[in-house]
Amino acid sequence: METLLEKYPVHADILEELNRRTGIRRNLVAFSPETQQLVINLGDQFFCTLRKTNRLEDAVVCLFNLTNKPQEVLLPTGLMEFCRDVISYVIVDPEKVELKPYQCLWLRTRFVI
């Protein structure tokens, strides 16, 4: 396996990122198979789910840009006070979320609803 990854460094980078994200998911209660998942309609260019647990502070909003262009999206009013993307650890303004082409965000926050 290592020989293949050395031969194909791009594939090695992809595998490393997938393993990193799997580790993040493993540590978040919201990604448990027992959690409730709600789809939030934000238009055709996005896919958005709210992964809810019994404790609102453990919930995660998963937001995906399905296009090859940068997109700006407004999350439903009152959904979040502030949020942090747990993939990049960047604080995101829920009033104006900007996504790169095909980018996904896993937003963790203090929920208002």
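What follows draws every value from the coordinates through simple rules; no lab data is involved. The shown structure was predicted, so the numbers you read here are calculated from the model rather than taken from an experiment. Cβ sites come from the backbone with ideal geometry, for glycine too, and all protein chains shown count toward neighbours.
Once amide H atoms are built 1.01 Å from N in the peptide plane, which residues 5 or more positions from Leu75, or in another chain, come under 5 Å H to H?
Val97
Which net charge results for the neighbourhood of Val39, defined as the other residues with beta-carbon distances under 14 angstrom from its beta-carbon, given Lys and Arg at +1 and Asp and Glu at -1?
+1
List Lys69, Lys52 from most exposed to least, where exposure is judged by having the fewest other Cβ atoms within 10 Å.
Lys69, Lys52
Could you point to the label whose value was computed as Rg/Rh (Cα atoms, Kirkwood Rh) for the structure here, given (1) 1.16; (2) 1.02; (3) 1.52?
Structure-derived value, by its label: (2).
Over region 2-111, what is the relative contact order in whole percent, taking alpha-carbon pairs under 8 Å and six or more residues apart?
22 percent
Cross-chain or 8 or more residues apart, Cα under 27 Å: how many lysine pairs in the chain fit that? Count them up, please.
Eligible lysine pairs with Cα atoms under 27 Å apart amount to 4.
Kindly provide the helix-only [θ] at 222 nm of the chain, computed as the sum of -39,500 (n - 2.57) over DSSP H runs of four or more divided by all residues, to the nearest 500 deg cm²/dmol?
When only DSSP H runs of four or more count, the value is -6500 deg cm²/dmol.
Report ³J(HN,Hα) in whole Hz for each residue of region 22-31, in order, from the Karplus equation J = 6.51 cos²θ - 1.76 cosθ + 1.60 where θ = phi - 60°; Gly and Pro get x.
4, x, 4, 4, 4, 8, 10, 4, 4, 8
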